[in-house]
Amino acid sequence: MIEMQENRKSRYMTVFLLLGIGTSVFFVLNICIGSVQIRLLDMIRIFSRDGLGETPERILMDIRLPRAAAVLILGGALSLAGYLLQTFFNNPIAGPFVLGISSGAKMVVALIMVFFLGREIRVTSGAMIFGAFIGAMLSMGFVLLLSGRISSMSMLVVSGVMIGYICSAITELVVTFADDADIVNLHNWSRGSFSGMTWDNVKVMAVVVFMTFFAVFLMSKPLAAYRLGEAYARNVGVDIRFLRVCIVIFSSILSASVVAFAGPISFVGIAAPHLVKRLLHTAEPIWMIPSCFLGGSVFCLFCDLLARTMLSPTELSISTVTAIFGAPVVLWVVAKR
Amino acid sequence: MTNYYFSTKKMCVGYDGKPLIKDMEIYLPRGEILTLIGPNGAGKSTVLKSIAGQLRLLCGKVYLEESNLAEMRAGELAKKMAVVFTEKLRAEMKSCRDVVATGRYPYTGWFGGLSKEDESIVDEVMELTHITEIGGQEFERVSDGQRQRVMLARAICQEPEIVVLDEPTSYLDIRYKLEFLSILQEMREKKGLTVIMSLHELELAKMISDKILCLRGEYVEGFGTPEEIYKADFMERLFGINESSFPGNTKFLAYIRQMMEWS
């Protein structure tokens, strides 16, 4: 028995190491590869302040680095939000996108942007996250209402998709009536994109996402009990109602942060946790929460690299790429049941 | 009242505010086995769920010794009462041993890591319930009978003073049924474990129980020792069958008579 435990521990450590290496490698690749190639050596020189000429340094410091950092943070947030929702609904294909939570957040953010940008008022990152959070909670509220009436898992997902469609339709409507100048901006964002990240954005999202991550990690023990089923969780002393409220709020904050900065991104929330779970061969929250985060980061860094480079100089929307790699995973999950 | 470990006062149970059974008064000294019997749909599961605090009481109170169960802190109650319900325990990618270990939840630290002591309790309990050999197998893949034994091990692992079990032996073959019940008896003798459970097997209930509670839908048909309960007309009152229910079937008749003749 002790041997088995040791084996498991070393497996978890190996997966952590792999995910860590994967994140670092793709992070560096994301910084180096692009329309202007930056060699690894040059990058080190920029950091040692040797100077390399304005252009590459600006590209690195103002465009690529903040973007890669945002992908890392938001990818992790998306994956963790997916894992939380899967735990909450006991449904392997729940996620912020399929349940319409991303679309709800998108709708409110679009409304805010059109309203304020039309009046030439700058919207802060914090306000965007807050708006997205309200939208996410709105969708979540509908899904929760419906989940009380619907017991079938697949029907719940169908309802989520419908809520998503309604929100997207409203967003489209709003975007159509927006000023010309805003449309391009809004349109890119509403399809999902990591482009145009600034350091200010990164700072805000880092604070929000990492704080939420930490809070979720602290809940890993009651989450583990919750995954056994409500009756058993209650019997071992878990305050179910409080825990459920926490899961709803934290998963909404995570989804909202992603939508506020990068728009709705599909399938990462289902695919990344599932792949990580297969790798770890456990669904225990204490291992899954950090691995999920890293897994989402790797997945998104990989997808964003492709989105930027596949048809360069045209940039693909991130959801196009995540769908190509994520949707088959979802099909695999569904087929296996 | 002080003599009883478990008691209920005017307990009403039911769903959605509609009382199913009213004014239940149950008294059970420490270390006794109470079995709920009754026809399907008589409310056995409802009563057990209410006792375990899983279903809100419509009125009345449940006491463990002097303390009102509704006012006890969840963590405190978890160390006193364990449950085995018919609801499936979800154990994605968990081995049977992992499932047993989840019983240690009330005793572990903030992140739920198992100490050496926890591990040895888990192993001990698995030995006691004869599931050591299947410890490494995935819980979701073992047979229903094995699963029920794992669930019992999990409950014992929680080191409770009282355990509430809903039809815990339904999937077991006769050998494991007896073994399962003998484990409960052993726990009762060694640790003074109090047991409240429901059983469908009348003869087993008669054999193992100190007290029997007969449920019949809206009321309690009887509460007492097996001698008091298994009397001449209890089969008729409880299940609506008597010696003329199966005319000409002498074997059934013999069974019904055997059930009704205690000692």
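Odds and ends about this structure:
- Residue under evaluation A:ARG11, criteria (1) within 25 Å of the chain's Cα centre (by Cα); (2) touching a residue at least 60 places away in the same chain (Cβ under 8 Å); (3) part of a helix (DSSP H, G or I), criterion not met: (1)
- B:ARG56 passes every criterion in (1) under 18 Å from B:GLU218 (Cα atoms); (2) in contact (Cβ under 8 Å) with a residue 40 or more places away in the chain; (3) basic (Lys, Arg) apart from (2).
- Residue within the range A:294-302 that is away from chain B (no Cβ under 13 Å) and closer than 21 Å to A:HIS187 by Cα present: yes
- Any hit, the range A:313-333, residues being polar (S, T, N, Q) and within 14 Å of the chain's Cα centre (by Cα): yes
- Of all the numbered requirements in (1) more than 8 Å from every other protein chain (Cβ to nearest Cβ); (2) within 23 Å of B:GLU167 (Cα to Cα); (3) at pLDDT 95 or above; (4) touching a Lys or Arg at 6+ places or on another chain (Cβ under 8 Å), B:VAL122 misses one, and that requirement is (2).
- Put simply, of A:ALA323, A:ALA335, A:ALA327, A:ALA283 the only residue that is surrounded by fewer than 24 Cβ atoms within 10 Å (Cβ to Cβ), of a type in the set (A, V, I, L, M) and outside any helix (DSSP H, G or I) is A:ALA283.
- The set of residues in the range A:286-316 being polar (S, T, N, Q), assigned to a helix (DSSP H, G or I) and either in contact with an Asp or Glu (Cβ under 7 Å, 6 or more places away or on another chain) or farther than 21 Å from A:LEU17 by Cα (or both) consists of A:THR309 alone.
- Selection count where residues are surrounded by fewer than 22 Cβ atoms within 10 Å (Cβ to Cβ), part of a loop (DSSP other than H, G, I, E, B) and out of contact with any strand residue (DSSP E or B) (no Cβ under 7 Å at 6 or more places or on another chain), scope the range B:155-180: 5
- Complete set of residues in the range A:263-274 that are away from chain B (no Cβ under 14 Å) and assigned to a helix (DSSP H, G or I): A:VAL268, A:GLY269, A:ILE270, A:ALA271, A:ALA272
- B:LYS88 being touching a residue at least 40 places away in the same chain (Cβ under 8 Å) and out of contact with any Lys or Arg (no Cβ under 7 Å at 6 or more places or on another chain): no
- Some residue of the range A:27-34 being under 26 Å from the mean Cα position of the chain (by Cα) and outside any helix (DSSP H, G or I): yes
- Yes/no for A:THR14 being away from every other protein chain (no Cβ under 14 Å), buried (at least 16 other Cβ atoms within 10 Å of the Cβ) and closer than 19 Å to A:PRO290 by Cβ: no
- Positions within the range A:213-237 being within 7 Å of another protein chain (Cβ to nearest Cβ) and not in a helix (DSSP H, G or I), in sequence order: A:ARG227, A:LEU228, A:GLY229, A:VAL236, A:GLY237
- As for the range B:191-204, it holds at least one residue that is acidic (Asp, Glu) and surrounded by 15 or more Cβ atoms within 10 Å (Cβ to Cβ).
- All of A:LEU294, A:LEU280, A:LEU306 fail the test of being in contact with a helix residue (DSSP H, G or I) (Cβ under 8 Å, 6 or more places away or on another chain), in contact (Cβ under 8 Å) with a residue 40 or more places away in the chain, under 23 Å from A:ASN30 (Cα atoms) and hydrophobic (A, V, I, L, M, F, W, C), apart from A:LEU294.
- Pick from the range A:238-262, criterion farther than 30 Å from A:MET197 by Cβ and not hydrophobic (A, V, I, L, M, F, W, C), ranking: farthest from the other protein chains (Cβ to nearest Cβ): A:ARG244
- The single residue among A:LEU301, A:LEU294, A:LEU243 that is among the aliphatic types (A, V, I, L, M), more than 21 Å from the chain's Cα centre (by Cα) and at pLDDT 95 or above turns out to be A:LEU243.
- You will find that of B:LEU48, B:LEU64, B:LEU58, the residue that is farther than 23 Å from B:GLU124 by Cβ, over 21 Å from the mean Cα position of the chain (by Cα) and of a type in the set (A, V, I, L, M) is B:LEU58 and no other.
- Count of the range B:205-243 residues, restricted to those that are in a loop (DSSP other than H, G, I, E, B) and surrounded by fewer than 20 Cβ atoms within 10 Å (Cβ to Cβ), is 11.
- Among the residues making up the range A:237-262, a single one is surrounded by fewer than 24 Cβ atoms within 10 Å (Cβ to Cβ) and of a type in the set (Gly, Ala, Ser): A:GLY237.
- Taking the range B:28-114 and the strands (runs of 3 or more DSSP E) fully enclosed by it, the elements with 2 or more residues that are away from every other protein chain (no Cβ under 14 Å) are at B:33-37, B:59-64.
The values are calculated or read from the model by the stated rules, or taken from the named source; none is laboratory data. The structure displayed is predicted, hence computed values, not measured ones. Heads up, the Cβs are rebuilt from the backbone with ideal geometry, glycines too, and the neighbour counts pull from every protein chain shown.
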